[in-house]
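Inspection log for the structure reproduced underneath, given as structure tokens.
The values are calculated or read from the model by the stated rules, or taken from the named source; none is laboratory data. Computed from a prediction, not measured in an experiment: that's the story for all the values here. Note that we place each Cβ from the backbone using ideal geometry, even for glycine, and neighbour counts take in every protein chain shown.
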């Protein structure tokens, strides 16, 4: 049993009494978010397709003194989503927060992506997020209010080698704005967080050329000159879910170390003056970075 706790920058009771769903909460950024929300008092419901990773994360949270449960179901399946949300409502009676984190993609040139491959990523990253948000709104948030944070990506300049993900993430960003308008009168805020180059287990899902050889040079594409941490993304999510962000809705926050400002007009010298924040005591460095310098 670990004796450490998540070192959040927020007060420990920030989400006390609230129920928060985190899709894709068994690994990577979602796992980190689940741990932080739990450390801040929330009852966290992890959502995924496989039980093993969810059970492990629930066990970790329990060891740390938090409260978590999980539901399983394919977020791309409308009926499965309804069943999962109904089970959350039966057990907890309310849904105060939703983090639409589940998603995925593979690395390939657009010319080499099949129609089925493109559709699978869009259904996972966009349709699934919509179905979960809609179900949570209908079941609870329409009458009780709430906050939603959709996890997107740095898609503003396109995402070469991941055209399917770029399209779906941009769609989710626009959906975020639309839902913020439609659900405002129900007391629901909807925002998005766009991670940049974040060192999470997601790195380990990409194999071979051309992605693997690019990991080492990604920090040079940021003002911070480093990879981001899962905890830095989680901190942004926690802020947008909190009452401190009560006047913020329909926005997308880039957590990317200034990657959007790298335009080649000025060379950024290698530096370590923007050190990483990593409050996640159970963080795991991706295997893909084993041969890559931390800076």
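Some notes on this structure:
- Against the conditions (1) at pLDDT 95 or above; (2) closer than 20 Å to residue 29 by Cβ, residue 62 satisfies every one except (2).
- Unmet requirement for residue 150, which otherwise passes all of (1) over 16 Å from residue 105 (Cβ atoms); (2) part of a strand (DSSP E or B): (1)
- Residue tally, condition surrounded by 10 or more Cβ atoms within 10 Å (Cβ to Cβ), out of contact with any strand residue (DSSP E or B) (no Cβ under 9 Å at 6 or more places or on another chain) and closer than 14 Å to residue 219 by Cα, over the range 271-286: 3
- Residues that are in contact with a helix residue (DSSP H, G or I) (Cβ under 8 Å, 6 or more places away or on another chain) and exposed (fewer than 13 other Cβ atoms within 10 Å of the Cβ) within the range 1-29 comprise 1, 2, 9, 12, listed in sequence order.
- Close Cβ contacts (under 7 Å, 6 or more residues apart or on different chains) running from residues in the range 91-113 that are on the phi > 0 side of the Ramachandran plot and free of Cβ contacts under 8 Å to residues at least 12 places away in the same chain to residues that are surrounded by fewer than 23 Cβ atoms within 10 Å (Cβ to Cβ) and in a loop (DSSP other than H, G, I, E, B) are absent.
- Counted as qualifying within the range 30-143 are the strands (runs of 3 or more DSSP E) with 3 or more residues that are buried (at least 24 other Cβ atoms within 10 Å of the Cβ) and touching a strand residue (DSSP E or B) at 6+ places or on another chain (Cβ under 7 Å), namely 43-48, 97-100.
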